[in-house]
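One structure below.
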Amino acid sequence: MSVPRSTDPTNLTDPTAFHPGRRATLAGLAALGLGTVVPTLSAESARAAVARPATPAAPVQLTLPAPTGPHRVGNVALHLIDRSRRDPWVPSHPLRELMIGIWYPARDVEGHGLVPWLPANAWTAYLLDSSLPLGVLSVPSTHGHDGAPAECRGGPRPVLLFSPGSGGDRDVCTTLVEDLVSHGYVVVTIDHTHDSSEVEFPDGHVEPRTIPPDTDEIDTEAVSVRHADALFVLDELHAIAAGRDPDVERRPLPRGLAEALDLSRVGMFGHSMGGATTAWAMLDDRRIRAGINLDGSLYGPVLSAGLDRPFLFMCSQRHDLSDDPSWAQTWSHLRGWRKLLRLADAAHNSYTDLQSLVPQAAAALDLPASYVQQLIGTVDPTRSVLAVRTYLRAYFDRFVRGHDSHLLDRPSPAFPEIEFLA
């Protein structure tokens, strides 16, 4: 979500200062964040709040809400190389390398441990980048079972791609991803190397964020790179479905994974700049039937070209067509089904796992309630997670699966948190 360039994106005392290049962290420190509203707490006060508690005897274990569907969740991480492209952000890297996570309904999870929200070295880098003390918070476990065989009964599953916000990791919306998988989707999450703040590769090394500081030109270039990443990943999924293993280390794929992919039914969603990535990818690749933008400004040719397939905008309390020119311009060129929903009283990060993790971290770190509210809004976290999960699933069920619950037809008294704006 962008603001006029006259707003100082480093101003920690201005509650209106936010920017799509800032990265979300558990405490929102270091003046980063995925377009989050920066709290009025000063940088010095924020760091003092983090340093205040003594390291506990045992770290506080962060947790993610359980998925709601009947399917157990499998996960596999793949290391991919796009040999047709050089890395745009590190010229010394001859080829574009990515990490992705494939989340899928699992047949049998016995003997397949749960994967962490971030691998060990990436988690350490995340804490350091967030100015958080080591040893106070333990990385949450996901509900994904590492390498579990895929569930193939019932036929292949529709496939969704996910792109995180600027600076974000592929795991930042695991709460949404796991829930979709538990209801029968395969979801493929993408780390955009050197745009994500830390990407850990199989040998344990972590590639940091090296993208230049935000300008409109850099943001447009970043989304262009990201959309190429997404289309490359979609091509690699077709290779998997054809029986090939594109993983650089040639680690064996989970049994049944190739048969679980229905690549005739593909959708995509993204948070913040990942929403812009979704729109651009849809413009350039008709394999993607439908897309969702979770509170992100748009960039590139889609602003004037529009889309002829379904596209859903979901926004936070302070973001809509009236204050984002990129949304208003694109909206006028959308020729397919379109809708704009608001998660009332939400902040930009309310669409991410931070909606669940920040309150837990705040209790451990003794952060002020006002600071937390400006990171994740005042909407109830449990209710907001349920609402966003439900509306994402209803959208993809309708436009990717072909099963319409009619939840998107009009406001529902069951979900007063979701406002229909357009």
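The values are calculated or read from the model by the stated rules, or taken from the named source; none is laboratory data. All values derive from a computational prediction rather than experimental measurement. FYI the Cβ positions are ideal-geometry reconstructions off the backbone, even for glycines, and counts take in every protein chain you see.
Can you find a residue in segment 350-357 that is more than 15 Å from the chain's Cα centre (by Cα), outside any helix (DSSP H, G or I) and either of a type outside the set (V, I, T) or closer than 21 Å to R401 by Cα (or both)? Spell out the reasoning first.
Initially, segment 350-357 is screened for residues more than 15 Å from the chain's Cα centre (by Cα), giving none.
No: zero hits.
Condition first: within 23 Å of F415 (Cα to Cα), surrounded by fewer than 21 Cβ atoms within 10 Å (Cβ to Cβ) and at pLDDT below 95. Can you find one or more residues in segment 364-373 that meet it? Walk me through it before giving the result.
Step one: list which residues in segment 364-373 are within 23 Å of F415 (Cα to Cα), which gives 373.
Next, from what is left, pick out any that are surrounded by fewer than 21 Cβ atoms within 10 Å (Cβ to Cβ): 373.
Add one more test, that the residue is at pLDDT below 95, and what stays is 373.
Yes, some residue in segment 364-373 is within 23 Å of F415 (Cα to Cα), surrounded by fewer than 21 Cβ atoms within 10 Å (Cβ to Cβ) and at pLDDT below 95.
For residues that are surrounded by fewer than 18 Cβ atoms within 10 Å (Cβ to Cβ) and either within 22 Å of L161 (Cα to Cα) or of a type in the set (D, E) (or both), tally how many sit in segment 201-213.
So the count comes out to 2.
Are any residues in segment 399-415 in a helix (DSSP H, G or I) and without any contact (Cβ under 8 Å) to a residue 60 or more places away in the chain, and if so, which ones?
Our first condition is that a residue be in a helix (DSSP H, G or I); within segment 399-415, this holds for 399-401, 407-409.
Passing the criteria: L407, D409.
Based on this model, can you work out whether T193 counts as under 23 Å from L114 (Cβ atoms) and either under 15 Å from the mean Cα position of the chain (by Cα) or at pLDDT 95 or above (or both)? Give the steps one after another, and end with the answer.
On the way: under 23 Å from L114 (Cβ atoms): no; either under 15 Å from the mean Cα position of the chain (by Cα) or at pLDDT 95 or above (or both): yes.
Judged against the criteria, T193 is not a match.
For segment 382-403, name all the residues that are exposed (fewer than 13 other Cβ atoms within 10 Å of the Cβ) and either touching a strand residue (DSSP E or B) at 6+ places or on another chain (Cβ under 7 Å) or farther than 16 Å from S350 by Cα (or both). Show your work before the answer.
Our first condition is that a residue be exposed (fewer than 13 other Cβ atoms within 10 Å of the Cβ); within segment 382-403, this holds for 382, 402-403.
Within segment 382-403, G402, H403 qualify.
With respect to S182, is the statement that it is under 24 Å from H93 (Cα atoms) and either in contact with a Cys (Cβ under 8 Å, 6 or more places away or on another chain) or not aliphatic (A, V, I, L, M) (or both) true? Please lay out each step first, then the result.
Details: under 24 Å from H93 (Cα atoms): no; either in contact with a Cys (Cβ under 8 Å, 6 or more places away or on another chain) or not aliphatic (A, V, I, L, M) (or both): yes.
No; evaluated as a whole, the condition is false for this residue.
For H333, indicate whether it is surrounded by 20 or more Cβ atoms within 10 Å (Cβ to Cβ), more than 17 Å from the chain's Cα centre (by Cα) and outside any helix (DSSP H, G or I). If you could, list the steps in order and put the result at the bottom.
Details: surrounded by 20 or more Cβ atoms within 10 Å (Cβ to Cβ): no; more than 17 Å from the chain's Cα centre (by Cα): yes; outside any helix (DSSP H, G or I): yes.
So H333 fails the test.
Is there a residue in segment 319-341 that is touching a Pro at 6+ places or on another chain (Cβ under 6 Å) and within 21 Å of I102 (Cα to Cα)? Please lay out each step first, then the result.
Taking segment 319-341 and keeping what is touching a Pro at 6+ places or on another chain (Cβ under 6 Å), we get 336-337.
Okay, now just the ones that are also within 21 Å of I102 (Cα to Cα), so none.
No, segment 319-341 has no match at all.
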